Amino acid sequence: MSFGTASRKVVPRVPLRPGEGDKDHLTSFEGLSALSLDALSSVAYGPEAIVLVLVAAGTSALRLTLPITLAIAGLLAVLVVSYCQVIAVHPDGGGAYAVGKKDLGAKVSLLAAASLVVDYVLTVAVSLAAGAASMASAFPSLRHHLLAMCLIGLVVITAVNLWGIAESARALMLPMVLFISAIFGVIVVGLMRSHPAALVGSAQPVHISEALGAILILKAFSAGCSALTGIEAIANGVPTFREPRARRAQRTELMLGGLLGAMLIGLSVLINREHVAPREGVTVLAQLTAGSFGTGWAYYATNIAITLVLALAANTSFGGLPVLMSLLAKDNRLPHLFGLRAERPVYRFGVVVLALLSAVLLIAVDAVTNRLIPLYAIGVFTGFTISQTGLVRHWYGERSPRWMLRAALNGTGAALTATATIVFIVSKFTSGAWVVLLTVPALMLLFSRVQDYYQAVGLELGLGRIPYRPLAAKSLVIVPVGDISKVTAHALHAALSLGDDVIAVSVHPTADQSAEFRARWDEWNPGVRLDTLESPDRSLVHPIVDYVRQAEQGNRQIAVLIPEVEPRRWRYRILQNQRGLILATVLRAITDVVVCTIPYRLTVR
């Protein structure tokens, strides 16, 4: 007995478009260059921030640089483990925002999102300003062009990220490797030397302004914690990794923690051993570089590598903030256009907005790094605190094996980062922290108002409910015409295919011109009724709009079909009449008719 033969239909494989395959997503090592340069490059100013605070109690207080750095390294370890957990729990990205939304409620998630937006914008501004200042230190002739250098760097980084996140990661791999090699070279060679190879900068007097006590140590700890900014970007950017995304992102987070911790401790050991104090005209890292390599070519090469990576560290924000904005758009807290991706996996609207905000901030402070530093760490440490507090709540609700140990780890980290945040706010309030305290609530209000708008729109549109059954109605298609030509014939042909009744409408300044046009129309005889309107003031838009509004009074579905001439090359579009665009805009604004444009594509030139 035959039951027939089974057939299998083979569907041909369609080539993937850019961004649909894994090749346009990040490997673990590419993720380190795309999302971690901010954190890695912070060794250029993190240890120096500790020294600048401690020196207020005299050079003898600088011996505490290493113990404070070890404490920061311990907090770094806690944060790295915490964010590996965040990646596992929230593989769609979002970091502190995703944790806050799931475990701590809507208002806390808004606080997390606003804090991260502020931090990402400041990351771009601080990185570019610090890079420009470092370059100007090596080449004094550039000192009066800091803002120009920052804006040029911003344009380059924005262009690379608009091209694609994977491309930007590959472009940043070589600078990252050079930077890491240079820092470890400074540490290893410096530790091998019995005394510094050279001394740079000029000595500056030390004025003791504070007593060495718990408050000063807390200030130094909080200042040094600026070296931890950026480690949350990997958790925010998980969707940009290749599959398995969560595992690759966790591997990148661990690599970042190991490299950053080793560099911070190594540099602090050198600072402690060499009794490095602030000197005029040079950074602490430049002093350590001169102590290891001298002032020859290696000194300049290292400083150039540091400058380059400081400038490119802004790429961390370009990898993290657009993803965060897409999540906010998905939650109806930002306009939905921020959730749109280009062919490559790039949220281009988010990239452009980040670039514009960063440019405005750089112009406002004239690219002076010291004006930005007081604002820098508050946002990210707020995010740290929220993400770890949310994890404590998550473990308590889940009660998985060893949940108490995990909750204790995250709780300790939350307490430390909350303390650092409070110290930052109190100690830096008059230096600019008040700006952040105003900006964050303003952003929270913006997110909330956008969400309220989308909820109201959804209610009015009946989203989620079954609407009434649509019924057919008689239709009228109105075609504005300016002359008898192929364009007119093309538009009328389309209109006759769309509607039951078609009327052509033309506007003329005098009755004689209307009569002349009607005579030519009758001679052509296209089978379409023509209505002519007179407009002595030669206005085209308003007579047609009034005509359409009168036609709306009948029980018909009305469509206005506007013909447009479309040149072959975009640069010639400005030469064409723009009345069609103006007419379509006005009709959409004040009528309920369907407005369509039909292009007539030119083949010449």
Please work out if residue 384 is touching a Leu at 6+ places or on another chain (Cβ under 8 Å) and modelled with pLDDT under 90. yes
Restricting to the stretch 251-296, count the residues that are surrounded by fewer than 18 Cβ atoms within 10 Å (Cβ to Cβ) and part of a loop (DSSP other than H, G, I, E, B). 5
Does any residue of the stretch 163-178 turn out to be assigned to a loop (DSSP other than H, G, I, E, B) and within 24 Å of the chain's Cα centre (by Cα)? yes
Among the listed residues 185, 230, which satisfies the condition of being in a helix (DSSP H, G or I) and assigned by TED's automatic domain parsing to the domain that holds residue 274? 185
Selection count where residues are basic (Lys, Arg) and either on the phi > 0 side of the Ramachandran plot or surrounded by 15 or more Cβ atoms within 10 Å (Cβ to Cβ) (or both), scope the stretch 550-581: 2
Within the stretch 303-328, count every residue that is in a helix (DSSP H, G or I), closer than 20 Å to residue 285 by Cα and among the aliphatic types (A, V, I, L, M). 8
Among (1) crowded, with 24+ Cβ neighbours inside 10 Å; (2) modelled with pLDDT under 80; (3) under 18 Å from residue 417 (Cβ atoms), which single condition is residue 374 missing? (1)
Looking at the structure I just gave you, is residue 54 surrounded by 24 or more Cβ atoms within 10 Å (Cβ to Cβ), part of a helix (DSSP H, G or I) and in contact (Cβ under 8 Å) with a residue 40 or more places away in the chain? yes
Hey, residue 66 hits all of (1) crowded, with 21+ Cβ neighbours inside 10 Å; (2) in contact with a helix residue (DSSP H, G or I) (Cβ under 6 Å, 6 or more places away or on another chain) but one; which does it fall short on? (1)
Report, by residue number, each residue of the stretch 188-212 that is loosely packed, with under 11 Cβ neighbours inside 10 Å, small (Gly, Ala, Ser) and assigned to a loop (DSSP other than H, G, I, E, B). 194, 209
Yes or no: the stretch 514-523 includes at least one residue that is aliphatic (A, V, I, L, M), in the same structural domain as residue 596 (by TED's automatic domain parsing) and modelled with pLDDT under 85. no
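Results for (1) touching a strand residue (DSSP E or B) at 6+ places or on another chain (Cβ under 6 Å); (2) farther than 18 Å from residue 548 by Cβ, shown as yes or no for each residue.
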| residue | (1), (2) |
| --- | --- |
| 456 | no, yes |
| 479 | yes, no |
| 482 | no, no |
| 496 | yes, yes |
| 499 | yes, no |
| 505 | yes, no |
Pick out the one residue from 133, 171 that is buried (at least 21 other Cβ atoms within 10 Å of the Cβ) and closer than 15 Å to residue 309 by Cβ. 133
Among residues of the stretch 469-493 being surrounded by fewer than 20 Cβ atoms within 10 Å (Cβ to Cβ) and of a type in the set (S, T, N, Q), the residue farthest from residue 599 (Cα to Cα) is 475
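Listed here are the residues, each with its yes/no results for (1) small (Gly, Ala, Ser); (2) part of a loop (DSSP other than H, G, I, E, B).
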| residue | (1), (2) |
| --- | --- |
| 333 | no, yes |
| 414 | yes, no |
| 422 | no, no |
| 427 | yes, no |
| 444 | no, no |
Assess whether residue 41 counts as being surrounded by fewer than 15 Cβ atoms within 10 Å (Cβ to Cβ), modelled with pLDDT under 90, of a type in the set (Ser, Thr, Tyr) and in the same structural domain as residue 288 (by TED's automatic domain parsing). no
Of everything in the stretch 92-106, what is surrounded by fewer than 24 Cβ atoms within 10 Å (Cβ to Cβ) and touching a residue at least 40 places away in the same chain (Cβ under 8 Å)? Give them in sequence order. 92, 101, 102, 103, 104
Of the residues in the stretch 493-513, those that are outside any loop (DSSP other than H, G, I, E, B) and within 46 Å of the chain's Cα centre (by Cα) come to 494, 495, 497, 498
Given the conditions (1) of a type in the set (Asp, Glu); (2) in contact with a strand residue (DSSP E or B) (Cβ under 6 Å, 6 or more places away or on another chain); (3) under 30 Å from residue 328 (Cα atoms), report the number of the one that residue 232 does not fulfil. (2)
The condition of being outside any helix (DSSP H, G or I) and either of a type outside the set (A, V, I, L, M, F, W, C) or out of contact with any Lys or Arg (no Cβ under 7 Å at 6 or more places or on another chain) (or both) holds, among 91, 67, 47, only for 91
Could you list, in sequence order, the residues of the stretch 298-311 that are in contact with a Phe, Trp or Tyr (Cβ under 9 Å, 6 or more places away or on another chain) and not small (Gly, Ala, Ser)? 299, 302, 306, 308, 309, 310
Filtering the stretch 107-145 down to residues that are part of a helix (DSSP H, G or I), at pLDDT below 85 and either of a type in the set (Lys, Arg) or over 22 Å from the mean Cα position of the chain (by Cα) (or both) yields 133, 134, 135, 136, 137, 138, 140, 141, 142, 143, 144
Being hydroxyl-bearing (Ser, Thr, Tyr) and modelled with pLDDT under 80 is the filter; apply it to the stretch 410-435 and report the residue that is nearest to residue 220 (Cα to Cα). 427
Within the stretch 233-250, which residues are charged (D, E, K, R) and not in a helix (DSSP H, G or I)? 242, 243
Would it be correct to say that residue 546 is surrounded by fewer than 16 Cβ atoms within 10 Å (Cβ to Cβ), touching a Ser or Thr at 6+ places or on another chain (Cβ under 8 Å) and acidic (Asp, Glu)? no
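The values are calculated or read from the model by the stated rules, or taken from the named source; none is laboratory data. Values in this document were obtained by computation on a predicted structure and should not be read as measured data. Please note: Cβ atoms are built from the backbone with ideal geometry, for glycine as well, and neighbour counts cover all protein chains shown.
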